[in-house]
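Data block below; observations after.
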């Protein structure tokens, strides 16, 4: 069976068409079985493709005039969606013309359009936004939800755990990913009632779900590298993610200031450049680019608005791996295995109807 | 009027009596008007005081046999409190023998004993834990609540803002501290209903409260240095704080690994040592030690369990400044000024009764 195509919203992102196309071309070198749908201004896409004959040969262009801007509110984006590059890329997934869409545009708009167009998978009440975060261990960590759902109940959290574990099997290769709930302490009595409920359900269902579940983790332990999936509601997840990003930038800034504080420091910096380059590489958000909406009928990947071509390539590569490994199908299978468990999915079918 | 004494729980903290006493002695050099109550094993305190004649001359010792351990649950701690160094230190504040207590012991126990013994101030429904965090600006940032209240309503958040602002006037010297609510976006529609409510109330009351309130901030903007107080519930605050701490340690660890990755890097590191020492100083948690429980009838300061003597000295210095500046009285005055506002304190008097 051939692989589904990847739709690229060529107009999203702050850096414009050229970076999106170059990113897709870079990713295609690593995943050369993929075909692409490039959605946006045909003229500008063709121009950008001139430097990338391989991508041109494996792509189809869908022309659109409209673009969702960074200022568009989700409600406005939904109304304008049809004629825009973002809207058409997601439409292509719905129509089966592509298996996944990648966009560097407005997150709120992408979330709203994706949810309305693709709808949630059977067995999932709400999609979640999942991203990879660096750790001191061998694998990146998967954290979800990062902001798709401000408030969640315990059932949502359990579903996020199932989706995150399916993703982790792709990223880490572990058959039983190590899953934890984000909390403010590791004792069973800590946190909110809904966290304790979710913990009890996951303990019960862990074996059936092929996950290694061991309760709670804290935000300062995430990077240790001994956990594969951290599950949280979208509010806490967004705060944790931004606190991590902000602190990494803060420390990098302090480092820059420190190194330029004297001639001696500047010389030391030049000599130790390989070391600081290594650090820079590790902390560069481009190397962890590509947050995924899981739980929809189709995959939507958000690339950072300011991503470089290398960053876009990482987001496209994430997408390619999710398709190659059939993560959506795997999540369905996991859900089906525990599908009639009244513990974690009470009344889900009714509510969605 | 003379300054109230500071009670030191000499037995709390992982590093033992010697570090607590040395920390108090260091702080006393900067705040030499203060008298101390040293609570714990008399023999060991006397031994530790031999190196610190100045502190010895300005201290009284209260002997206790018991110690609250790191493993004690809050409920156990409450039962055992009476004969312990932590319990007696807080008792001393209640009895008026001291104006504040400093402990490096178990946070949950300290919170429970402090709340039960000292009770909340008139006009405050719940105390909050506030800490200083480094920024790229001139002042440290005050963030609260950091874990005293897992779930909060909008009235709690408004009260935290009032308490945080009073503390910020001491730290930054600003008459109208810049106060923000922590949220997952800055648009007015973002986040939970209770955040939007709290925002509306604070906008209304800002002038009366002498604060500069401008809605929401995000966790990646906190360190920019353009905000003095970030207000949040204890769950999100604890997650943000730990994410910041964990990331700072993660980056420091990466830096260490990078610099030791080659001989060249090691040489560069040695040359640029003044720069990395500067960074280390900035990131050392000892330099931001001392989280304060605000909103109680008396001040309780939590020193980090693993703090060095310099760290303990910072926590004691924070305590001294809060007493010198009469922060508790100032919070009372701020509350009285807006005391009958039904907006932010509906039914508070009744509920506490």
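The values are calculated or read from the model by the stated rules, or taken from the named source; none is laboratory data. Values in this document were obtained by computation on a predicted structure and should not be read as measured data. Every residue, glycine among them, receives a Cβ derived from its backbone with ideal geometry; neighbour counts consider all protein chains shown.
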Every listed condition ((1) buried (at least 23 other Cβ atoms within 10 Å of the Cβ); (2) at pLDDT 85 or above; (3) within 14 Å of another protein chain (Cβ to nearest Cβ)) holds for residue A:272 save (2)
When residue B:160 is run through (1) more than 29 Å from residue B:90 (Cα to Cα); (2) modelled with pLDDT of 90 or more; (3) touching a strand residue (DSSP E or B) at 6+ places or on another chain (Cβ under 7 Å), the failure sits at (1)
The condition from (1) in contact (Cβ under 8 Å) with a residue 40 or more places away in the chain; (2) surrounded by fewer than 24 Cβ atoms within 10 Å (Cβ to Cβ); (3) under 30 Å from residue A:17 (Cβ atoms); (4) within 13 Å of chain B (Cβ to nearest Cβ) that residue A:129 misses is numbered (2)
Residue pairs within 8 Å by beta carbon, gap of at least six or interchain, first lying in segment B:35-53 and over 13 Å from residue B:20 (Cα atoms), second in a loop (DSSP other than H, G, I, E, B), listed first then second, are B:35/B:3; B:35/B:5; B:35/B:58
Within segment A:31-44, the residues that are in contact with a helix residue (DSSP H, G or I) (Cβ under 6 Å, 6 or more places away or on another chain) and part of a helix (DSSP H, G or I) are A:44
- Check whether at least one residue in segment B:249-256 is farther than 10 Å from residue A:279 by Cβ, within 7 Å of chain A (Cβ to nearest Cβ) and touching a strand residue (DSSP E or B) at 6+ places or on another chain (Cβ under 7 Å), and report yes or no. no
Of those in segment B:239-248 that are touching a strand residue (DSSP E or B) at 6+ places or on another chain (Cβ under 9 Å) and in contact (Cβ under 8 Å) with a residue 12 or more places away in the chain, the residue farthest from the other protein chains (Cβ to nearest Cβ) is B:241
Among strands (runs of 3 or more DSSP E) entirely inside segment A:119-200, those with 3 or more residues being under 15 Å from the mean Cα position of the chain (by Cα) are A:128-133, A:141-144
**Report entry** Test: residue B:18 is surrounded by fewer than 24 Cβ atoms within 10 Å (Cβ to Cβ), touching a strand residue (DSSP E or B) at 6+ places or on another chain (Cβ under 7 Å) and part of a helix (DSSP H, G or I)
**Finding:** no
By residue number, the members of segment A:192-228 that are facing chain B (nearest Cβ under 8 Å) and touching a strand residue (DSSP E or B) at 6+ places or on another chain (Cβ under 7 Å) are A:219, A:222
Note on segment B:96-117: residues surrounded by fewer than 21 Cβ atoms within 10 Å (Cβ to Cβ) and part of a strand (DSSP E or B) are none
Residue B:112 meets each of (1) touching a helix residue (DSSP H, G or I) at 6+ places or on another chain (Cβ under 9 Å); (2) away from every other protein chain (no Cβ under 14 Å); (3) modelled with pLDDT of 90 or more with one exception, condition (2)
Scanning segment A:257-269 for residues that are more than 7 Å from chain B (Cβ to nearest Cβ) and part of a helix (DSSP H, G or I) gives A:257, A:263, A:266
